[in-house]
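The values are calculated or read from the model by the stated rules, or taken from the named source; none is laboratory data. All values derive from a computational prediction rather than experimental measurement. Cβ coordinates were reconstructed from backbone atoms using ideal geometry, including for glycine residues, and neighbour counts include every protein chain displayed. All accessible areas refer to the heavy atoms of the entire protein, side chains included, with ligands and DNA or RNA removed. Shrake-Rupley method; radii C 1.70, N 1.55, O 1.52, S 1.80 Å.
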Amino acid sequence: MPQMTRRNILRAGAMLAVAAPLPVWAADEAAKPKSRLILLGTAGGPTPKPHRAAPAQVIVVNNTSYVIDCGNGVARQMILAKLKLASIRSVFLTHHHSDHNADYGNLLLLAWATDLAKRVDSYGPPPLAEMTKQFLALNDYDIRTRMADEGRPPLKDLIVPHEISADGLVMQDDNVKVTAAPVEHPPVAPAFAYRFDCPDRSIVISGDTRPSPNLVKLAQGADVLVHEVMHLPSLEQLIATEPNATTLREHLLASHTTTEQVGRIATEAGVKTLVLSHFVPGGYPFLKDEVWFDAVRPFFSGNLVVGHDLLEL
């Protein structure tokens, strides 16, 4: 019999460890569906940017997609993320600024023109129902043409809008439980943040907001917080390129969250991972990742991620 060297003993132990059955608790953990969070667009503001797409995220559980915000180009971003548009089950709008809702209707129209044939529930502040109705009217000619020419089902039967005006449970299915909390983004009201409790973790999407106690409460102990961020030292360079400099400065300072503030919010909420997104500035001046990272790190010691379009976490 060959001598059992230390290396052989270690190798045998490793083989036994692999062969041994998982404990019941470990098997249960392994069986849980894994959620995917994909940042579809990470820019802030309504103007198209060369380096970042407009604001949007998607959470995928069991091959089912839950889209949060619908900035310009969100359908194409989903395709670039290799997601089927037919996988969309729900759409959530945080608030009614054009960088967050410009492609709400277009996403569903283009999904329907591709392969969507099942009901999609949409959620967001009023006037979501009227917006949906008006969008369908705007595209009535195309919709009727494709129904007759391509045999598609009526789009109006597939989109079911739900208006929310207060905090609390928004929806729950086999994959996720979604809770909303009002945040502060003057002059737009109401505006909401959403918490997604998935089988394996909790993910909070801030939407646009200045520092908000409601958001801190919603995000308590969350695994992931995706939060908007503004780099105050670069604000004047950004504003200098805008014709409405005075009013824009007032809006940005009153309605958004600085790098220091977002770090403190994540620390107070006790989140494990803070993901920076909806960057202001998101175009000019373009800031390197380390600028954002270094501006937030002194105020948050957890896992810190500088978001990019199509980044999956």
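Can you tell me how many residues in segment 246-271 are part of a helix (DSSP H, G or I), open to solvent by 30 Å² or more (accessible area, probe 1.4 Å) and not basic (K, R)?
Let us first name the residues in segment 246-271 that are part of a helix (DSSP H, G or I), namely 246-255, 259-269.
Filter once more, so that each one left must be open to solvent by 30 Å² or more (accessible area, probe 1.4 Å): 246-251, 253-254, 260-261, 264, 267-268.
Filter once more, so that each one left must be not basic (K, R): 246-248, 250-251, 253-254, 260-261, 267-268.
Summing the residues that are part of a helix (DSSP H, G or I), open to solvent by 30 Å² or more (accessible area, probe 1.4 Å) and not basic (K, R) in segment 246-271 gives 11.
Just to be sure, is L238 open to solvent by 10 Å² or more (accessible area, probe 1.4 Å) and either on the phi < 0 side of the Ramachandran plot or touching a residue at least 60 places away in the same chain (Cβ under 8 Å) (or both)?
Numbers: open to solvent by 10 Å² or more (accessible area, probe 1.4 Å): yes; either on the phi < 0 side of the Ramachandran plot or touching a residue at least 60 places away in the same chain (Cβ under 8 Å) (or both): yes.
Yes: the conditions hold for L238.
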- Note on T259: of the conditions (1) within 28 Å of Q77 (Cα to Cα); (2) at pLDDT below 95, unmet is (2)
- Could you tell me whether any residue of segment 270-289 is under 29 Å from K82 (Cβ atoms) and free of Cβ contacts under 8 Å to residues at least 40 places away in the same chain? yes
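Here's the yes/no breakdown for (1) touching a residue at least 12 places away in the same chain (Cβ under 8 Å); (2) closer than 19 Å to D69 by Cβ:
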{"position": "G124", "(1), (2)": "yes, yes"}
{"position": "A137", "(1), (2)": "no, no"}
{"position": "L155", "(1), (2)": "yes, no"}
{"position": "M171", "(1), (2)": "yes, yes"}
{"position": "V176", "(1), (2)": "yes, yes"}
{"position": "A191", "(1), (2)": "yes, yes"}
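Do the conditions hold for E242, that is, is it among the acidic types (D, E) and assigned to a helix (DSSP H, G or I)?
Values: among the acidic types (D, E): yes; assigned to a helix (DSSP H, G or I): no.
The answer is no for E242.
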- Task: Tell me, please, whether a residue that is in a loop (DSSP other than H, G, I, E, B) and either in contact with an Asp or Glu (Cβ under 8 Å, 6 or more places away or on another chain) or within 28 Å of D200 (Cβ to Cβ) (or both) can be found in segment 272-279.
- Result: yes
- Item | Hits in segment 176-206 (condition: part of a loop (DSSP other than H, G, I, E, B) and open to solvent by 10 Å² or more (accessible area, probe 1.4 Å)) | P186, P187, C198, P199, D200, R201
- Message: Scan segment 164-174 and tell me whether some residue there is part of a loop (DSSP other than H, G, I, E, B), crowded, with 16+ Cβ neighbours inside 10 Å, touching a Cys at 6+ places or on another chain (Cβ under 6 Å) and of a type in the set (V, I, T).
- Response: no
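Condition check ((1) open to solvent by 30 Å² or more (accessible area, probe 1.4 Å); (2) under 20 Å from the mean Cα position of the chain (by Cα); (3) farther than 22 Å from V188 by Cβ) across all residues:
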{"position": "L276", "(1), (2), (3)": "no, yes, no"}
{"position": "G283", "(1), (2), (3)": "no, yes, no"}
{"position": "L287", "(1), (2), (3)": "no, no, yes"}
{"position": "V306", "(1), (2), (3)": "no, yes, yes"}
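Of the residues L40, L83, L93, L108, which is open to solvent by less than 30 Å² (accessible area, probe 1.4 Å), at pLDDT 95 or above, over 20 Å from I203 (Cβ atoms) and not acidic (D, E)?
Values: L40 fails: over 20 Å from I203 (Cβ atoms); L83 fails: over 20 Å from I203 (Cβ atoms); L93 fails: over 20 Å from I203 (Cβ atoms).
Just one listed residue meets the conditions, L108.
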